[in-house]
Amino acid sequence: MYPLSRRIALFMLLSTAAGCSAAGDAGNPAGGWFGGDSTLHTITGQKPAGDSAKPAIRYAATLHISRYADLREQRDPRLLGTSTQRVRGVSGSQLLLDQEIADLVTSAIKTQFDAEGYQVLEDGSAGDAVFEVSGAIKDLTLNVKHRDEVNIEIETTVKDMRSGAVVWSGLVTEKQDRFAGVSGNNKNDVVAYLNKELRVAGNKMVAAVSASLMAAYPALFNLTPGTQAIPGVSVYAATAATGPASAVPATIMPSAGAQPGSMVSAGLLLVNTSPPRAKVYLDGVYYGLSPLRAEMEPGVHAVEVKLKGYQTVTEKVSVRKGDNTEMELNLER
């Protein structure tokens with residue numbers, strides 16, 4: 001039997017540990033410093049903020065999207081990256097997803113084509129699709145260091161299902177970083193940042209594919225085709241304009257020694273504050289300190305700016321494809 005003094009000390013120690021654990025779980029229900037589920041729970045098929053309605057089908061161009069191959073150097077198919085800084089709710093240095101990277105990317109690309117107005121057919125109806133979309137993930141990492149770093153490289157190939165000809169092929173790249181601040185990250189914030197960058201990369205790819213298909217198959221899109229230069233997409237192959245939609249498209253390959261064409265469809269948002277070094281949140285996702293430059297999907301976005309000792313500022317801003325949008329925010333005490 002322990003002496004009374006030792007029993008009291010043991011009781012106090014256990015009570016303190018239980019209280020700390022409860023506090024950690026309250027702040028992060030998915031897990032805390034005392035263990036629990038430390039995987040990152042991704043939200044597949046997440047739509048941009050404010051877009052709750054199912055997108056209407058606008059094009060007769062139907063797609064079947066095959067599962068993307070994971071060709072990254074990481075052997076673990078769920079490994080997103082590593083952390084050398086504090087991420088609340090994550091134990092250890094590895095950032096692991098609750099699903100394989102290939103499934104996350106495939107779902108994100110399906111969502112992006114769906115949002116653009118394509119009809120995306122599931123595996124059971126793949127034979128009815130006009131085009132087959134497939135690809136490979138060359139890189140998708142998110143490392144939490146002094147700054148959070150996201151690197152995305154995804155190759156995509158689009159084939160005519162009837163002829164088997166490649167009608168578009170290219171590489172999408174997206175690279176961003178942000179400063180998480182002294183408070184560090186939590187699991188949900190890291191996942192939101194990842195989803196945001198995946199949507200930006202997917203938007204680039206869909207815009208580049210659409211520009212090429214609209215030029216080669218105008219009858220499937222009911223519009224006069226046009227092309228646009230999009231930074232962030234290197235085009236390996238694209239179709240030539242063929243006139244009738246039933247014609248088999250010719251494949252145009254870049255000439256030897258020539259740089260592949262660059263293509264993309266995001267807009268650039270610049271947020272300046274007075275005073276500077278305020279925390280900037282875009283659609284609820286922390287993006288870094290002001291002054292901030294960020295590639296954004298076209299549309300209306302919520303901008304929130306926070307700085308200790310000053311009132312929080314919340315604004316709506318409209319970002320247009322290919323344009324620069326600049327905000328000047330004066331913070332008040």
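The values are calculated or read from the model by the stated rules, or taken from the named source; none is laboratory data. Here the structure is a predicted model, which means the values were calculated and not measured. Cβ atoms come from the backbone with ideal geometry, glycine included; neighbour counts cover every protein chain shown.
From the list V209, V172, which one is outside any helix (DSSP H, G or I) and crowded, with 24+ Cβ neighbours inside 10 Å? Steps first, please.
Working: V209 fails: outside any helix (DSSP H, G or I).
Criteria check complete, one pass: V172.
Checking the condition more than 16 Å from I65 (Cα to Cα), in the same structural domain as T82 (by TED's automatic domain parsing) and hydrophobic (A, V, I, L, M, F, W, C), which residue from V206, V133, V166, V172 passes?
Numbers: V206 fails: more than 16 Å from I65 (Cα to Cα); V133 fails: more than 16 Å from I65 (Cα to Cα); V166 fails: more than 16 Å from I65 (Cα to Cα).
Just one listed residue meets the conditions, V172.
Could you list all residues from segment 283-312 that are in contact (Cβ under 8 Å) with a residue 24 or more places away in the chain, in a strand (DSSP E or B) and either hydrophobic (A, V, I, L, M, F, W, C) or assigned by TED's automatic domain parsing to the domain that holds L194 (or both)?
Passing the criteria: V285, L289, A294, M296, V300, A302, V303, V305.
In segment 145-159, what residues are assigned to a strand (DSSP E or B) and over 18 Å from the mean Cα position of the chain (by Cα)?
As a first pass, look at segment 145-159 and keep what is assigned to a strand (DSSP E or B): 148-159.
Those that are assigned to a strand (DSSP E or B) and over 18 Å from the mean Cα position of the chain (by Cα): T157, V158, K159.
Looking only at segment 175-183, decide whether some residue is polar (S, T, N, Q), over 19 Å from Y68 (Cα atoms) and modelled with pLDDT under 90. Give the derivation first.
To start, the set of residues in segment 175-183 that are polar (S, T, N, Q) comprises 176, 183.
Subsequent filtering for residues that are over 19 Å from Y68 (Cα atoms) retains 176, 183.
Checking which are modelled with pLDDT under 90 leaves us with 183.
Yes, that holds for at least one residue.
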